[in-house]
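Read the structure below first, then the notes.
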Amino acid sequence: MTAQSSKHQDDLNKDSKSWYYNHPALDVSVAFPQATPASIFPPCTSDYYQFADLLTPEEQALRLKVRECVERDVAPIMTKYWEKAEFPFEIVPKLGALNIAGGTIKGYGCPGLSVTANALATAEIARVDASCSTFILVHSSLAMLTISLCGSEQQKQKYLPSLAKLDTIACWGLTEPDYGSDASGLRTTATKVEGGWVIEGQKRWIGNSTFADILVIFAKNKDTNQINGFIVKKNAPGLQATKIENKIGLRMVQNGDILLQKVFVPDEDRLPGVNSFQDTSKVLAVSRVMVAWQPIGIVMGVYDMCHRYMQERKQFGAPLAAFQINQQKLVQMLANVQAMFLMGWRLCKLYESGKMTPGHASLGKSWITLRARETVALGRELLGGNGIISDFLVAKAFNDLEPIYTYEGTYDINTLVTGREVTGIASFKPVAKTSRISRL
């Protein structure tokens with residue numbers, strides 16, 4: 001096509017468009033005045049069985065403090081950032097002021113929360129926005145907890161105080177392009193050299209990695225063939241972290257591809273408590289409980305949104321809440337929230353009493369996320385056309401649940417962890433092929 005004909009086509013396209021083609025969209029409150037968008041977050045109406053009675057006064061106070069913060073500071077901006085797939089850095093100081101980063105860690109400026117209180121804080125953030133809860137979870141329940149459980153005293157004193165204030169941000173790098181569920185097979189290597197280690201490899205799906213100040217990285221020791229842990233500083237020579245684009249869920253979370261090309265890590269930044277893959281399990285035990293509370297928070301928010309919407313939105317001369325089928329769906333959602341909360345609460349108590357097993361944690365995470373998908377799908381039905389736009393929360397929550405259903409162990413992998421525990425038989429790998437010919 002010649003330049004002249006191309007210009008002619010552009011003129012034709014321009015002439016065929018209406019004068020208002022490029023006008024900005026109407027504000028949702030103007031376009032749809034009959035219902036309130038999620039930027040003005042609905043009151044909490046999901047505690048039907050009064051689970052607040054199970055909480056200590058300290059846990060209840062923390063829950064309300066976190067709820068007030070995220071409803072005020074996160075709800076009004078979350079849709080804008082979610083649509084742009086950008087992280088709202090302006091909320092970091094406000095989350096830091098809550099004093100929840102570090103969760104259960106005692107000392108070093110960390111809050112020393114009970115597991116239950118930490119879970120409630122996770123759920124309250126997820127109730128408004130799952131991306132923000134994932135940001136905190138990666139930073140606190142993975143990276144900070146690894147330094148606390150596996151780091152030296154010097155490393156704890158050096159890194160944890162600023163991380164607890166969110167003055168510095170951390171990420172946690174285990175997953176690789178070729179090793180997700182089979183994470184113990186990772187290929188990133190650590191070679192011992194004078195004064196430190198040289199790390200080479202690649203990580204994928206690492207939340208917070210594009211802007212993290214420190215990166216907790218796991219690599220295979222080339223001498224022992226065991227997994228070791230390292231603290232890598234941002235902008236280290238040979239380190240690169242780039243954003244993964246085109247996600248449909250947790251769009252505000254900056255998941256990254258990490259390239260480590262002969263990155264030198266000094267001896268003082270090797271985590272002495274990580275000497276095998278099994279050493280990561282004590283971290284994952286806590287984080288899996290926290291991840292189970294994310295969908296609990298999400299469905300609380302979705303139920304609250306639907307509860308308000310059903311009373312505001314009118315069709316056929318009556319609010320949607322007046323129709324039997326809508327009430328049935330709303331009550332089914334409410335029942336799921338009660339069951340999910342109770343399982344999550346019991347999981348916390350098992351952990352706090354030292355009785356929780358990997359199977360308990362995996363069953364909690366897998367079953368809760370499964371029920372959450374069902375619950376949010378019902379909410380999407382109740383909102384009709386508004387169930388596919390992020391302004392009314394449900395569509396955003398619908399998409400945000402998908403990565404949560406997968407990370408920290410897929411539904412299937414978590415069921416196999418529990419299955420191994422109750423049967424005594426591991427079934428993670430396919431049965432080896434046999435050369436015998438069946439007579440059948």
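Tally the residues that are touching a helix residue (DSSP H, G or I) at 6+ places or on another chain (Cβ under 9 Å) and either open to solvent by 20 Å² or more (accessible area, probe 1.4 Å) or not in a helix (DSSP H, G or I) (or both), restricting the search to the stretch 52-61. Before you say what the answer is, go through the steps one by one.
Let us first name the residues in the stretch 52-61 that are touching a helix residue (DSSP H, G or I) at 6+ places or on another chain (Cβ under 9 Å), namely 52, 54-56, 58-60.
When the remaining residues are screened for being either open to solvent by 20 Å² or more (accessible area, probe 1.4 Å) or not in a helix (DSSP H, G or I) (or both), the result is 52, 54-56, 58, 60.
Selection size over the stretch 52-61: 6.
Go through the stretch 230-253 and report how many residues are in contact (Cβ under 8 Å) with a residue 12 or more places away in the chain, open to solvent by 20 Å² or more (accessible area, probe 1.4 Å) and closer than 24 Å to Lys396 by Cβ.
The first filter runs over the stretch 230-253 and keeps only residues in contact (Cβ under 8 Å) with a residue 12 or more places away in the chain, leaving 230-234, 236-245, 247-253.
Narrowing further to those that are open to solvent by 20 Å² or more (accessible area, probe 1.4 Å): 233-234, 237-243, 245, 247-248, 251.
When the remaining residues are screened for being closer than 24 Å to Lys396 by Cβ, the result is 243, 245, 247-248, 251.
Summing the residues that are in contact (Cβ under 8 Å) with a residue 12 or more places away in the chain, open to solvent by 20 Å² or more (accessible area, probe 1.4 Å) and closer than 24 Å to Lys396 by Cβ in the stretch 230-253 gives 5.
Considering the stretch 180-219 alone, what residues qualify as being open to solvent by 40 Å² or more (accessible area, probe 1.4 Å) and in a strand (DSSP E or B)?
Thr191, Lys192, Val193, Glu200, Gln202, Arg204, Trp205
Please determine whether any residue of the stretch 153-173 is over 21 Å from Tyr407 (Cβ atoms) and of a type in the set (Gly, Ala, Ser).
yes
Kindly indicate which of Arg346, Arg288 is part of a helix (DSSP H, G or I), open to solvent by 10 Å² or more (accessible area, probe 1.4 Å), at pLDDT 95 or above and among the charged types (D, E, K, R). Steps first, please.
Numbers: Arg288 fails: at pLDDT 95 or above.
Checking each option against the conditions leaves just Arg346.
Could you look through the stretch 170-179, keep only residues that are in a loop (DSSP other than H, G, I, E, B) and either in contact (Cβ under 8 Å) with a residue 24 or more places away in the chain or at positive phi (or both), and pick out the one that is surrounded by the most Cβ atoms within 10 Å (Cβ to Cβ)? Break it down into steps so the answer makes sense when it comes.
Going through the stretch 170-179, the residues in a loop (DSSP other than H, G, I, E, B) turn out to be 174-175, 177-178.
Now drop any that are not either in contact (Cβ under 8 Å) with a residue 24 or more places away in the chain or at positive phi (or both), which leaves 174-175, 177.
Values: Leu174: 24, Thr175: 19, Pro177: 12.
Ranking the qualifying residues of the stretch 170-179, first place goes to Leu174.
Could you tell me which of the residues Val128, Val138 is at pLDDT 95 or above, over 21 Å from Ala61 (Cβ atoms) and buried (at least 24 other Cβ atoms within 10 Å of the Cβ)?
Numbers: Val128 fails: over 21 Å from Ala61 (Cβ atoms).
One residue alone meets the criteria, Val138.
For the stretch 300-320, which residues satisfy the criterion of being open to solvent by 30 Å² or more (accessible area, probe 1.4 Å), in contact with a helix residue (DSSP H, G or I) (Cβ under 6 Å, 6 or more places away or on another chain) and in a helix (DSSP H, G or I)? Lay out the reasoning, then the answer.
Taking the stretch 300-320 first, the residues open to solvent by 30 Å² or more (accessible area, probe 1.4 Å) are 307-308, 311-317, 319.
Right, trim to in contact with a helix residue (DSSP H, G or I) (Cβ under 6 Å, 6 or more places away or on another chain) and you get 311, 313, 319.
If the condition is that a residue be open to solvent by 30 Å² or more (accessible area, probe 1.4 Å), in contact with a helix residue (DSSP H, G or I) (Cβ under 6 Å, 6 or more places away or on another chain) and in a helix (DSSP H, G or I), then Gln311 is the only one that fits.
I want to confirm something. Restricting to the stretch 254-285 and keeping residues that are acidic (Asp, Glu) and out of contact with any Pro (no Cβ under 9 Å at 6 or more places or on another chain), which single residue is least open to solvent (accessible area, probe 1.4 Å)? Steps first, answer last, please.
Of the stretch 254-285, the ones acidic (Asp, Glu) are 257, 267-269, 279.
Filter once more, so that each one left must be out of contact with any Pro (no Cβ under 9 Å at 6 or more places or on another chain): 267-269, 279.
Details: Asp267: 66, Glu268: 102, Asp269: 4, Asp279: 35 Å².
Going through the qualifying residues, I end up with Asp269.
(1) under 22 Å from Val299 (Cα atoms); (2) modelled with pLDDT of 95 or more; (3) open to solvent by 30 Å² or more (accessible area, probe 1.4 Å); (4) not aromatic (Phe, Trp, Tyr): which one isn't true of Leu393, the others all being true?
Single failed check for Leu393: (3).
Condition first: surrounded by 21 or more Cβ atoms within 10 Å (Cβ to Cβ) and assigned to a loop (DSSP other than H, G, I, E, B). Now tell me which residues in the stretch 89-103 satisfy that.
Ile100, Ala101, Gly102, Gly103
With the structure loaded, tell me whether Thr375 is closer than 30 Å to Lys80 by Cα, in contact with a Pro (Cβ under 9 Å, 6 or more places away or on another chain) and polar (S, T, N, Q) or whether it fails that test. I'd like the intermediate steps shown before the answer.
Values: closer than 30 Å to Lys80 by Cα: yes; in contact with a Pro (Cβ under 9 Å, 6 or more places away or on another chain): yes; polar (S, T, N, Q): yes.
Yes.
Pairs under 8 Å by beta carbon, first residue open to solvent by less than 20 Å² (accessible area, probe 1.4 Å) in the stretch 70-85, partner β-branched (Val, Ile, Thr) and in a helix (DSSP H, G or I), six or more apart or different chains?
Note: pairs meeting the criteria are Val70/Ile125; Val70/Val128; Val74/Ile91; Val74/Ile125; Val74/Val128; Ala75/Val128; Met78/Val128.
Being touching an Asp or Glu at 6+ places or on another chain (Cβ under 6 Å) and modelled with pLDDT of 95 or more is the requirement here; does Lys165 meet it?
Numbers: touching an Asp or Glu at 6+ places or on another chain (Cβ under 6 Å): no; modelled with pLDDT of 95 or more: yes.
In short, no.
For residues that are within 24 Å of Met310 (Cβ to Cβ) and among the basic types (Lys, Arg), scanning just the stretch 349-389, find the one that is least open to solvent (accessible area, probe 1.4 Å).
By that ranking, first place goes to Arg371.
The values are calculated or read from the model by the stated rules, or taken from the named source; none is laboratory data. These numbers were taken from a predicted model, which means no experiment stands behind them. As a convention, Cβ positions derive from the backbone with ideal geometry for all residues, glycine included, and neighbour counts pool all protein chains shown. For the accessible areas, the whole protein counts, side chains as well, though only heavy atoms, and no ligand, DNA or RNA atoms are used. Shrake-Rupley method; radii C 1.70, N 1.55, O 1.52, S 1.80 Å.
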